[in-house]
Amino acid sequence: MTATVPPPPVLQPGGRVLGTALDPPAPSRRGRVRSRTVAAVLLVLTVAAYLLFRTDGAADSSDAASFRFFDSVRDWVDANRDTSPFFLYGFNYVRLGVRLLVDTVHGALTGLGFAGLVAAVTAIGAVLAGWRTGLLALGGFLAFGVLGLWEESVDTLVLTLSAVLLSVLIGVPLGILAARVRWVGATLRPVLDVMQIMPTFAYLAPMTLLFLIGEPAAVIATMIYAVPATIRITALGISEVPPTAVEAATALGSTRWQLLGKVRLPMARTTIALAVNQTIMLALSMVVITALIDAPGLGQNIVNALQRVNVGAAFDAGVAIVILAVVLDRITTGAARRTRLHRPARQRRTRWIVAGAALAGVVLIALVPVRETDLPAYSFAAPVNDLVGWIELHWYDVTEGLKNGISAGVLDPLETVLVTTPWWLFVAAVAAFGTLISGWRAALIAALAAAGPAALGLWQHSMQTLATVLVAIVITMAIGVAIGVFCARHDRLATGIRPLLDAAQTMPSFVYLLPAVALFGASRFTAIVAAVIFAVPPVVRLVERGLRDVPPTVVEAALSAGSTPRQLLWKVQLPMARGGLLLAANQGIVMVLAMVVVGGLVGAGALGYDVVAGFSQRELFGQGLAAGLAIVLLGILLDRLTQGFHHSKRPRG
Amino acid sequence: MTPMIEIAALWKVFGPRADRVVGTPLADLPRAELRARTGCLAAVRDVSFDVRPGEVFVVMGLSGSGKSTLVRCLTRLIEPTSGDISIGGESVRAMNPKRLRELRRRQVAMVFQHFGLLPHRSVLDNVAYGLEIQGRSRAERHRRAAETLALVGLQEHEHQYPDQLSGGMQQRVGLARALATDPEVLLFDEPFSALDPLIRRDMQDEVRRLHAEVGKTLVFITHDLAEALTLGDRIAVLRDGELVQVGTPEDLVGAPADSYVADFVRDVPRSDVLTLRWIMRDPAPGELCEDEPLSHRTVIRDAVHRVLRAERPIAVVDGTERLGVIDADQLLPALISHHRQVPV
Amino acid sequence: MRSIRTAAAVALIATLTACGGATSGAGEDKPSAGAKGTVNLAINPWVGYEANAAVIAHLLEKKMGYTVEKKELKEEIAWQGFETGEVDTIVENWGHPDLKKTYIEDKKVAVDVGPTGNQGVIGWYVPQWMADKYPDITDWKNLNKYADLFKTSESKGKGQFLAGDPSFVTNDEALVSNLKLNYTVVYSGSEAAIIKAAQQASAQKKPLLFYFYEPQWLFAKEKYVRVKLPEYKEGCDADLKKVACDYPDYVLDKIASKKFADGNSTAYQLVKNFTWTNDDQNLVSDYITNQGMSDEKAAEKWVNEHEATWKPWIPAGS
Ligand SMILES: Nc1ncnc2c1ncn2[C@@H]1O[C@H](COP(=O)(O)OP(=O)(O)OP(=O)(O)O)[C@@H](O)[C@H]1O
Ligand SMILES: [Mg+2]
């Protein structure tokens, strides 16, 4: 039936839109054999070149030209912030406008008062997504009060909503344009790619440079983080509108705007609602991180707890964030689902009545003089801290052993090799292997990105970060694939684990640092652990999906040929799910990089540390900015290399 | 009588630099070769025909022969590469966007193979869509839409949504939507090929009925010969974008222009389509006939009864003029054989 | 308050559009310095600072009727806050001559409000047991001899020097390289992490060489010995990349935004009058860190017990 709405698009975490690239045809056998030989030869060459030309891995200078350049940019901005027309008529206005938006949203939410806001959220949940969600919202928002985090939660909500508003205002029109105007789409694609690989951490410093610290900078940074998802998913929704409907409407004489307003937008509304949902989730996780540039809210509690290594305090804030995430998620997915239902006019009318009644109720309740402080208080801090203390005490040898083992056994040797590789050899290797894996175009971009850190004067640090990322991704993939395979084979387990994965994915990356720090102290391994926890859920998802997408007919055929379950897995399912696995690796790498960099806050050193130091020490600003750039380049490098895997669909040979 | 639709030397070429093909020697190449040489695909090649007011004009051809392209060129849903189209005496290709929209809004409506209904609108609002974009008031368009829905027998379903209806019902909605703006011309692009045979027959009856009731000019695309024969006043056959033959159903069956058309009509029971004109013979000198003559328009099948009962041949007349005679000797081969039987 | 600000911002945008561009401070002037308004207090990430801030906040809120907004900010970012209006005052500043030059002399958005009374010491420390066991370890010249003791998973085969938060005042990387020490500087990321490591080093007799400072409550509980670096001489730390001498002693002071100072509210006067000893601070820090008290509780307890100390800070007529 053509007249039904298409099923919702498949979204990668982070709002990337997944095409149908899940199962590329296997390359022909001859081609595979040949590329294997080439790969082997290349490998030998690389190793030989390394042995011949290896350097002593001299430390990066702390005074590279790029640092001085960025420093001078900063000085110029500082000196001209109140005189240059760029700022007088540009950035400062943007800041002022965003400030106005934030204040308005804040005024609206706090104007309702505690009781009013709780009632409003409950009513919105109930009207948009059903009474169950309404109850969930009620419980969730009351919990903020119980946890003693009411104001912080509201602040976080305010920033999130402001950023989402901006993202929707900017992203939806851009998404429509991208879907409708070819050159806009073509121009936006690489820009969005970069924006999505860019670790959140890397653009905090530039934000403070342009917009100073505070809420406006935080909202803009958040918007930058979230808007690619808005644009992409909106564009997807618009371009998926069935051409037959558009043609029919055109044949009746619709103008362009009528087509947009009466056909395309309404038919894409489910997808657009999903875009909003994704935008909200992304914004929430970013808002928490912007605490580093003085955004108020729950992020402050987390930063604070990190500074005091107080897992318990962070736990409360973490719980509040998860609650907020779940409530917002349920309301928006519920609303999105409802857009797919058709309601007869009569029922629609009753909904207006219900909404009106709810509004009246909210206003009434807002007048009730209840405050969040009237609620009973509860905090997880003490029990959690006790637990952490107990683990520290009793597991010390285990955690320490694990940390030292992996650091000395895997991380250090890898780091040494990477650091002592001359940069040109690295670039050449990237170019060669890149061409082999993903074609020359991707390889060229990757090679340029690989040369970047050397040019920035951050070779050492980049290679150290890369080593940490590589170790983390290997662990992530090992765990992720194992769980994914398990889930794909045991339905019961899969349903059991799904809510856990859901919750894990709504949690901002920042939160994962805490348990890792508590267990492993300040070290690179901490960052690895945090990165693994952060990246495993989406990997599990993608792997499971890849396996489940293997056509049942193929599985049937293999079974009827007498395969054992194990043979089925290794000989049929895994090879056929190759696309899904590689996609998972690609996605995992991007996430791992983001997290490893944040690990700079807790002793993971290298680029992440440079960034942190960059916005905490004036002399290091330039280096921090350069490090941010190097991180972005690393991201592009890794992404291009691995994305090639599942994009190279045509058989080679 | 001036034609409702006139098409002259119409070309549609898809592909890079399509405008460089028409009028050059390239245009004479067969489709496949043109494609190999230039990467262009000539979907419609030099097509000309007229459609008279009130006529049901059927365009037929195999899949890929360019039928959909042709019919979309009529209202420039697909921009033609060259040639002339006029509807109601006005050149369509000369129209500016505004005038073109007016044409689509008021004069020509279309019904699509895959319905093209808007899933987010109720049946009533789907039908009212054309009026809505013309800026008619809500009350007026709903009244008119309800009337049209009644015409196609869907008055009970106004408030349902397209995906709650069966395929046949959905296409009735499509039909009602096209009728709602009261256009002079209706274009149908394989409207019933997604429906199962029984429903299809129903819908064909419906179209016939509507045509009788509202008397519009219909251009009807199909690849189903039976459908073409039952509906069409005249039928045009397309092959690889070219017009092979235009004629009445019996022209096609009785005198296929080439083997492509002949293949098409091979399985048609000839006695159902051909009239006596196609099988009569000249009377032998002094031959005596039955008293009642038969009209030359009589379809063979309908004459069987009388001819076989008759003791003498029967005269075939056009009005009072006697054209020939017929007896069982002519009739029987026509009834039995599916083979070509070209009139002498 | 927000609504006032919103209205002000609307008006601002309107007027600015009419008559020229927006400066960086535009739209940020909250009624902070007004009578009984809000005071924006920066909170830098170490517990000693928190102690100062807690007591000042307590006095402002409970004794003088102000509202205090605490902002968790690293040092440099807090200074930036003077420019944007996000921050009214910093109540424990460690030196930062460069920032003083930028924000006080050049931009004129901040002013020095005088010392806190605390003496600041920054240095390199080892736990007492190491000084006992290896008496000559307290001289930097011998550090290379013991580098092996300090090896960890993070130190790349050299000895580990544990530093704190990257935002702290440090010359450690320059010192290590300029003194040719066979050490790697590893950042623990926070004061809390150093303290934890230091406590473990004492309790479990693990080797540790680390960055530390006074005032610091931990010194009241455990003994740590300062390693002698080449003596500090005026100007030897002028070029941060070439530093090869010990840290100077710091007179910790308070900084306020120009606007806050010019308003000369009683809040500003309190900040100006505030001065106490290292012992005072360590006491409050100890309450916060080890007695499980919140900042507010700790300040309240101290204020209740030390009326004689804080009474003189409260400006007349408030
Ligand atoms: N937009 C287009 N771009 C390029 N080629 C096209 C385009 N639309 C149609 N064609 C080609 O033009 C030819 C005619 O297509 P058309 O859809 O008109 O055929 P049809 O007779 O309607 O076939 P069917 O019965 O399958 O609907 C086909 O070969 C088709 O591949
Ligand atoms: Mg067609």
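The values are calculated or read from the model by the stated rules, or taken from the named source; none is laboratory data. Fair warning: this is a prediction, and the values are worked out from it, not measured in the lab. Heads up, the Cβs are rebuilt from the backbone with ideal geometry, glycines too, and the neighbour counts pull from every protein chain shown. With ligands, DNA and RNA removed, areas are computed over all heavy atoms of the protein, side chains included. Shrake-Rupley method; radii C 1.70, N 1.55, O 1.52, S 1.80 Å.
The modelled label-to-label distance between B:L288 and A:L364, using points 7 Å beyond Cα along the C-beta direction, is 10.5 nm. The amide H of C:W124, built 1.01 Å from its N in the peptide plane, has C:V227 as neighbours under 5 Å, considering only residues 5 or more places off or on other chains. In whole angstrom, the stretch C:168-225 maps to an equivalent ellipsoid with semi-axes of 21, 14, 11, each derived as √(5λ) from the alpha carbon gyration tensor and ordered largest first. Of C:D262, A:D412, the order by accessible heavy-atom surface (1.4 Å probe, DNA, RNA and ligands excluded), from most exposed downward, is C:D262, A:D412. Of all DSSP beta bridges confined to the protein assembly as shown, the antiparallel ones make up roughly 55%. Peptides A:153-164, A:79-90 ranked from most to least packed by the mean count of surrounding Cβ atoms within 10 Å: A:153-164, A:79-90. Solvent-accessible surface of protein heavy atoms, probed at 1.4 angstrom with all chains present, puts A:R54, B:R144, B:R105 in the order A:R54, B:R144, B:R105, largest first.
Taking a point 7 Å from the Cα of C:N144 along the Cα-to-Cβ direction, the residues of the stretch C:151-175 with backbone N closer than 16 Å to it are C:158-160, C:175. As a calculated quantity, the FRET efficiency between B:A27 and B:V299 at R0 = 51 Å, using C-beta atoms, amounts to about 0.80.
Taken about its Cα centre, the protein assembly as shown carries a charge dipole of roughly 1940 debye when the Cβ of each Lys and Arg holds +1 and the Cβ of each Asp and Glu holds -1. Where in the stretch C:279-318 is the amide nitrogen less than 18 Å from a point lying 7 Å along the Cα-to-Cβ axis of C:Q119? Output list for this probe position: C:279-283. Among the chymotrypsin sites (Phe, Trp or Tyr not before Pro) in the stretch C:224-279, those placed in a DSSP loop whose Cβ has at most 14 other Cβ atoms within 10 Å are C:Y232.
Per residue, the stretch B:270-336 exposes an accessible area of 58 Å² to a 1.4 Å probe, with every protein chain left in place. Kindly list the residues of the stretch B:103-141 that lie in the label zone of B:Q164, defined by a backbone N under 13 Å from the point 7 Å along the Cα-to-C-beta vector. Label zone hits: B:120-125. When peptides B:65-71, C:52-58, B:268-274 are sorted by average Cβ neighbour count within 10 Å, with the highest value leading, the order is C:52-58, B:65-71, B:268-274.
For the residues of A:71-78, the average number of beta carbons from a partner chain within 10 Å of their own beta carbon is 1. With both residues required to sit in chain B, DSSP beta bridges show an antiparallel share near 55%. Could you tell me whether the stretch C:120-250 comes out rounded, prolate or oblate from its Cα gyration tensor? Rule is a ≥ b ≥ c as square roots of the eigenvalues, rounded for a/c under 1.5, then prolate if a/b exceeds b/c, otherwise oblate. Cα axes put the stretch C:120-250 in the rounded bin.
Averaged across B:104-117, how many Cβ atoms of other chains sit within 10 Å of each residue's Cβ atom? Counting Cβ atoms of other protein chains within 10 Å of each residue's Cβ and averaging gives 5. Seen from a random direction on average, the alpha-carbon convex hull of chain B projects onto 21.3 square nanometres.
When the solvent-accessible area of the protein assembly as shown is split by element, carbon and sulfur atoms take up 60 percent of it, the probe being 1.4 Å.
Which of the lysines could be linked to C:K145 by a straight reach, that is with a Cα gap under 24 Å, when you skip same-chain ones fewer than 8 residues away? Output for C:K145: C:K133, C:K156, C:K158, C:K180, C:K205, C:K206, C:K223, C:K228, C:K242. Simple spin-label estimate for B:E213 and B:A139 gives 2.6 nm between the two label positions (7 Å along the Cα-to-Cβ direction from each Cα). Positive-end ranking of B:V273, B:A303, B:G324 along the dipole of the stretch B:270-336, with charges on Cβ about the Cα centre, is headed by B:V273. Close amide-amide hydrogen proximity is noted between B:V316 and B:L294, B:L323, B:G324, B:V325, B:I326, each under 5 Å apart and 5 or more residues distant or on a separate chain (H modeled in the peptide plane; Pro and chain starts excluded). Multiplying the residue separation of A:D374 and A:W390 by 0.36 nm and subtracting their alpha-carbon distance yields 2.4 nm. Legend: mean number of C-beta atoms from other chains within 10 angstrom of residue C-beta atoms, peptide A:613-625, equals 4. For the pair A:T420 and A:S35, a Förster radius of 22 Å applied to the C-beta separation gives a FRET efficiency near 0.15, rounded to the nearest 0.05. Each peptide in B:290-300, C:117-127 receives the mean, over its residues, of other Cβ atoms within 10 Å, and ordering these scores from highest gives C:117-127, B:290-300. For the pair A:R132 and C:E305, a Förster radius of 51 Å applied to the C-beta separation gives a FRET efficiency near 0.45, rounded to the nearest 0.05. Does the stretch A:395-648 come out rounded, prolate or oblate, given a ≥ b ≥ c as the square roots of the eigenvalues of its C-alpha gyration tensor, rounded meaning a/c under 1.5 and, failing that, prolate meaning a/b above b/c? In terms of gyration-tensor shape, oblate.
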